[in-house]
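Derivation of every value follows stated rules applied to the coordinates shown; laboratory data play no part. Note that the coordinates shown come from a computational prediction; the quantities given were computed from them, not determined experimentally. Every residue, glycine among them, receives a Cβ derived from its backbone with ideal geometry; neighbour counts consider all protein chains shown.
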Amino acid sequence: MAKLDDVKDLVSRGRSKLIAAKVQEALDDGSTPQEILDAMIDTMGEVGDRFSRDEIFVPEMLISAKTMKNGLAVLEPLLAEGATENLGTCIIGTVEGDLHDIGKNLVAMMIKSAGYDVIDLGVDVKASQFVDEIKKQPDVKLVALSGLLTTTMPAMRETVKTLKNSDLGDFKVIVGGAPVTPDFASEIGADGYAPDAGSAVTEAKELTA
């Protein structure tokens with residue numbers, strides 16, 4: 001659909017002030033909220049690929065992420081209506097020593113739209129902060145850890161170890177970020193790994209089913 005292509009174009013170009021109206025136009029044109037969401041996810045994936053090839057830089061990534069966030073604000077109430085059940089609580093954060101949050105924010109938005117209650121602890125989150133938050137929440141099903149710096153992989157390892165040894169409930173731990181690989185995730189004892197926001201939702205649902 002032409003309107004859907006327009007949505008993708010605006011996300012790609014980072015036209016954050018125009019996206020909400022275009023998302024509404026796509027809805028009025030017959031696209032479902034899920035179709036629009038999937039289109040924006042695909043586009044952010046393409047933006048991420050361009051970033052990894054040094055074709056664009058952090059500011060462009062940020063404005064595309066902000067554009068998607070503004071578009072998602074239109075979709076969230078509709079996606080929530082379509083969610084058949086509450087899937088439990090997901091606690092998410094970027095591990096200690098790492099201040100990157102683009103990918104983490106995207107995953108948080110995606111997981112929320114899938115039906116989870118999301119508690120975002122932000123960036124530079126100590127293992128003890130994850131544990132403290134889990135203690136406050138009665139229905140934690142998932143803890144998601146993000147890291148973009150190779151130097152903070154030891155912090156991710158330590159956080160997973162701390163969570164696994166906490167004996168605080170039957171939650172799953174999922175990890176992701178540029179330097180994270182499936183082998184590393186397995187090695188440090190994480191329950192799951194996701195290379196991008198879209199697959200994070202699929203993995204989350206499989207882990208907490």
Item checked: Acute angle (nearest 10 degrees) that the helix 19-28 long axis makes with the longest principal axis of the chain, alpha-carbon atoms -> 70
Checklist line | Helix axis angle, 197-208 relative to the chain longest principal axis, alpha carbon, degrees | finding: 50
Check: Which GluC sites (Glu not before Pro) does region 1-91 hold that lie in a coil by DSSP with at most 15 other beta carbons within 10 Å?
Finding: Glu55, Glu85
Notebook entry, point to check: So what is the relative contact order for the chain, in percent, with contacts set as C-alpha pairs under 8 Å and at least six apart?
Noted result: 17
Checklist line | Rel. contact order, % - alpha carbon contacts under 8 angstrom, at least six apart, region 89-208 | finding: 29
Item checked: Out-of-range pairs (alpha-carbon distance over 24 Å; input Lys17/Lys205; Lys126/Lys161; Lys104/Lys141; Lys66/Lys135; Lys22/Lys112; Lys66/Lys112) -> Lys17/Lys205; Lys66/Lys135
Item checked: the chain - share of DSSP beta bridges that are antiparallel (%, nearest 5) -> 0
Margin query: Suppose the chain between Ser128 and Leu207 were pulled fully straight at 0.36 nm per residue; how much longer would it get relative to their current alpha carbon spacing?
Written below: 26.1 nm
Item checked: Beta bridge orientation in region 89-208: antiparallel %, DSSP, nearest 5 -> 0
Next item on the list: Using amide H atoms built 1.01 Å from N in the peptide plane, name the residues 5+ places from Val175, or on other chains, whose amide H lies under 5 Å from its own.
Entry: Leu145, Gly192, Tyr193, Ala194
Item checked: Principal-axis tilt of helix 33-52 within the chain, Cα atoms, nearest 10 degrees -> 70
Check: Could you give the alpha-carbon Rg of region 2-82 over 2.2 N^0.38 Å, rounded to two decimals?
Finding: 1.04
